[in-house]
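Presented below is the structure to which this report refers.
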Amino acid sequence: MPKFAVNKAFYFAVTAAVIFLNASVIASAVVEDGFGASRKIEGRYFTVYYAPQLDPLSLSGQLDIGAGEKVLAGGDPSSGQGSGLAEALDTLFTRVCGILDMQLYSYQGSIKVCANQSQLAGIYRRLFDRDPGEVKSFYVYELNTIYTSAENFRRGIIGHEIGHAIMSHYFVVQPPVKIQEVLAGYVEYQLRKPTRN
């Protein structure tokens, strides 16, 4: 058998094994995060999973995305205040991209909204095997997922985590964690500034 055919077959086998192992690890990590039963809403940038006892309209209202935010994100301010959770998160994502000046047009990630802080802390312990301390929300790059609780589902906090997601997908080489925190803090600061509605 020619040497070229052996190398090609070996390369194919190794590549297939690596792809299979990566897919298996990611799939098992998604199942083992401990989030449990949930409902789902899909938007342009995020698939949102939320605890069954939560109301998506209430969560949307907590983000407080008004006409001013929609204009700053390049959207139509006349589309209404209560336009839904998916649209509110799409607007917030676009706004955070603008604040960071990092445009991602084909991004798709997940947000998991826990029923309470206790459930969020349990997921954190399960994923990282350590105490979460005062963590209100967090982003896991390997799962491309933002985790938060219903009481912390606010524009500034979610915008901060969206900032981490954007940076993780924008840069080829990840910036140091301290730099990411400074930029995500800047996003949070900008989102807390009042906009005129």
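The values are calculated or read from the model by the stated rules, or taken from the named source; none is laboratory data. What you see is a predicted model, and the numbers here were worked out from it, not measured in a lab. FYI the Cβ positions are ideal-geometry reconstructions off the backbone, even for glycines, and counts take in every protein chain you see. Protein only, heavy atoms only, side chains kept; ligands, DNA and RNA dropped before computing areas. Shrake-Rupley method; radii C 1.70, N 1.55, O 1.52, S 1.80 Å.
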Discussion item. Among the numbered criteria (1) over 30 Å from residue 127 (Cα atoms); (2) open to solvent by less than 50 Å² (accessible area, probe 1.4 Å); (3) modelled with pLDDT of 65 or more; (4) part of a helix (DSSP H, G or I), which one does residue 5 miss?
Written reply: (3)
Worksheet item: Within the set of pairs 6 or more residues apart or between chains, which connect a residue that is more than 25 Å from residue 170 (Cα to Cα) inside segment 180-197 to a residue that is open to solvent by 40 Å² or more (accessible area, probe 1.4 Å) and modelled with pLDDT under 90 with Cβ atoms less than 9 Å apart?
Response: 195/71; 195/72; 197/77; 197/81
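Yes/no matrix, rows are residues, columns are (1) modelled with pLDDT of 95 or more; (2) aromatic (Phe, Trp, Tyr); (3) under 21 Å from residue 180 (Cα atoms):
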| site | (1), (2), (3) |
| --- | --- |
| 38 | no, no, no |
| 47 | yes, no, no |
| 63 | no, no, no |
| 84 | no, no, no |
| 101 | yes, no, yes |
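Quickly run through segment 134-151 and pick out the residues that are open to solvent by less than 20 Å² (accessible area, probe 1.4 Å) and in a helix (DSSP H, G or I).
Taking segment 134-151 first, the residues open to solvent by less than 20 Å² (accessible area, probe 1.4 Å) are 137-138, 140, 145-150.
The one that is open to solvent by less than 20 Å² (accessible area, probe 1.4 Å) and in a helix (DSSP H, G or I): 150.
Name the residues in segment 84-133 that are touching a residue at least 12 places away in the same chain (Cβ under 8 Å), among the basic types (Lys, Arg) and either open to solvent by less than 50 Å² (accessible area, probe 1.4 Å) or in a loop (DSSP other than H, G, I, E, B) (or both), would you? Give the derivation first.
Residues of segment 84-133 that are touching a residue at least 12 places away in the same chain (Cβ under 8 Å), as a first pass: 84-100, 102, 104, 107-117, 119-124, 126-127, 132.
From the residues that got through so far, the ones that are among the basic types (Lys, Arg) too are 95, 112, 126.
Listed by number, the residues that qualify are 95, 112.
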Practice prompt. Examine segment 156-176 for a residue that is assigned to a helix (DSSP H, G or I), touching a His at 6+ places or on another chain (Cβ under 8 Å) and surrounded by fewer than 20 Cβ atoms within 10 Å (Cβ to Cβ), and state whether such a residue exists.
Written response: no
